[in-house]
């Protein structure tokens with residue numbers, strides 16, 4: 001009853017705000033994103049269901065804005081939730097980035113829930129983000145966390161930014177590790193201001209130690225991207241390995257033709273977690289060898305509406321604690337047709 005009342009209250013507040021009234025103040029925004037997907041075994045779908053299903057690809061509702069406190073200091077705020085109203089889910093909303101912050105000549109500092117700077121270090125290299133072929137199907141580190149601080153520096157020497165995430169220890173009493181992430185980025189992730197983007201990042205959040213390097217480059221209508229990551233479990237020292245992605249996007253008369261190949265030898269992604277024979281196998285996996293191949297395309301029908309489709313294939317194998325036979329994972333073939341509306 002309380003959850004339903006809260007959900008109705010949030011919807012009422014947002015719906016009572018007209019866009020014209022918010023033109024000089026807070027901005028209400030959102031997204032509806034749905035797919036019709038066929039999957040052999042559901043190891044990568046949003047709802048973990050196989051067969052032909054409807055997927056909700058992180059539809060969301062939010063409010064964001066800023067206020068000038070002084071000539072040099074600006075207050076920033078954002079409240080965002082994921083919306084499940086169209087799906088068979090008892091939770092109407094789940095939390096997304098929600099924070100309060102200050103922006104000045106010294107950089108931007110935020111407090112609350114936010115994507116870690118390790119996650120955002122990927123830039124736009126993740127070719128099939130927010131779908132059943134996203135990076136987290138293969139690798140760890142793609143997380144957002146609450147009860148933390150995020151800092152984004154101004155340009156250092158006019159060339160790069162240094163960013164950090166720190167989670168408050170006493171809010172995470174069950175975790176023995178100090179949880180933080182660091183990143184260094186150069187260039188423009190959208191490849192508009194510059195034709196390149198580079199980043200390096202380190203992470204101790206979410207039970208893993210990881211580091212990664214990312215590169216993007218644009219040549220005429222072709223965009224190329226690559227990510228390398230090493231990941232190690234903080235609980236099982238034998239569970240570690242390297243992963244990488246190589247991707248290309250070519251704009252052909254407004255249609256983005258996309259392809260991405262991934263290789264994972266660490267075993268922290270959702271495909272492996274959902275396909276391993278047991279939770280113990282997932283925790284202590286060694287000799288992991290997983291491949292993914294995704295091809296697809298997207299096209300903007302208008303400024304607000306995009307249609308897209310992709311096909312993904314996952315396969316792999318592993319052993320447990322460096323012992324026993326090699327165990328083959330069930331292949332998953334996934335095909336999706338989708339539509340996205342932003343407002």
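We did not get these values from a lab; they are worked out from the coordinates using the rules stated. From a predicted model like this one, the values you see are computed outputs, not experimental measurements. Virtual Cβ from ideal backbone geometry, glycine too; neighbours counted across all protein chains shown.
Tabulated values for the structure
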read-out: Net length gained if the chain between residue 317 and residue 250 were fully extended (0.36 nm per residue, minus Cα distance); value: 20.9 nm
read-out: Distance between modelled label sites at residue 186 and residue 234, nm, 7 Å Cα→Cβ extension; value: 3.1 nm
read-out: Ordering of 297-306, 268-277 by packing [mean C-beta count within 10 Å, highest first]; value: 268-277, 297-306
read-out: Length released on extending from residue 343 to residue 89, taking residue separation times 0.36 nm less the Cα-Cα span; value: 89.1 nm
read-out: Region 215-238 residues near the modelled residue 173 label - backbone nitrogen below 14 Å, point 7 Å along Cα→Cβ; value: none
read-out: Pairwise label distance in nanometres, residue 68 with residue 326, each label 7 Å out on the Cα-Cβ vector; value: 6.4 nm
read-out: Acute angle (nearest 10 degrees) that the helix 2-15 long axis makes with the longest principal axis of the chain, alpha-carbon atoms; value: 50 degrees
